[in-house]
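Heads up: the structure comes next, in structure tokens.
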Amino acid sequence: MTTRVLIADDDDLVRHGFRMVVDSQPDMTVVADVPDGAAALAAVRRLKPDVVLADIRMPKVTGIEVVRRVDTPTSVIVVTTFDDDEYVRAALDAGAAGFVLKRSGPALLVEAIRAACAGDALISPSLTVRLLRGSGAPRSMPSRPRGDGAGLSEREEQVVVLLADGRTNAEIGAELFITAGTVKTHIANAQRKVGARNRVGLAAWAWRTGLVVP
């Protein structure tokens, strides 16, 4: 099935760029792009897209308000230039299905759309690390990674450590000399073993159990 995407951003060039990225995917299509939050809400009611890519600062209605007012099954991913932690928390508290920085690149944008369709929430890796460091992660960590008995393989632990350090799948693959697809498989296996719903939860587990030492 084709994932139907609505783009909401007050910058014409951003909307054009996002449209090119999304329409280049064989299983995705842009159903509309709009310049403000009010138009986004109207388009959601009319077109019922699967995913909305919403800028956080828009005229008339903000991206956060769009998140609050859009009902399931439509998911809203906040895409912005602003990497303020309060924005991230506000978006996630409102029910956003992801928070992606515009500078993160097209690959992460596509990954965020796929994650939203799967019921997960993807956050730009650099923000994930900051949020975890500020969310009460233990300050007293063991000097040696232990993994808390989750049964991860050595390679899975290596992948999780790099993920929790804020690396993208492509960066992890380059570091370990494996493909991004293989990285994705290792992440999925690790999530299943530790009971994490998404990569954010997996990173939190790594910090909590001492697999990653700050």
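For the stretch 79-105, residues that are among the acidic types (Asp, Glu) and part of a helix (DSSP H, G or I) total 3. Of the helices (runs of 4 or more DSSP H) entirely within the stretch 106-177, those holding at least 2 residues that are modelled with pLDDT of 65 or more and of a type in the set (A, V, I, L, M) occupy 106-117, 154-164, 169-176.
For the stretch 81-93, the criterion of a residue being modelled with pLDDT under 90, open to solvent by 50 Å² or more (accessible area, probe 1.4 Å) and of a type in the set (A, V, I, L, M) is satisfied by at least one position.
The values are calculated or read from the model by the stated rules, or taken from the named source; none is laboratory data. This structure is a prediction, so every number in the text was calculated from the model and none was measured. The protein model used for the area step is the full one, side chains on, heavy atoms only, and it has no ligands, DNA or RNA in it. Shrake-Rupley method; radii C 1.70, N 1.55, O 1.52, S 1.80 Å.
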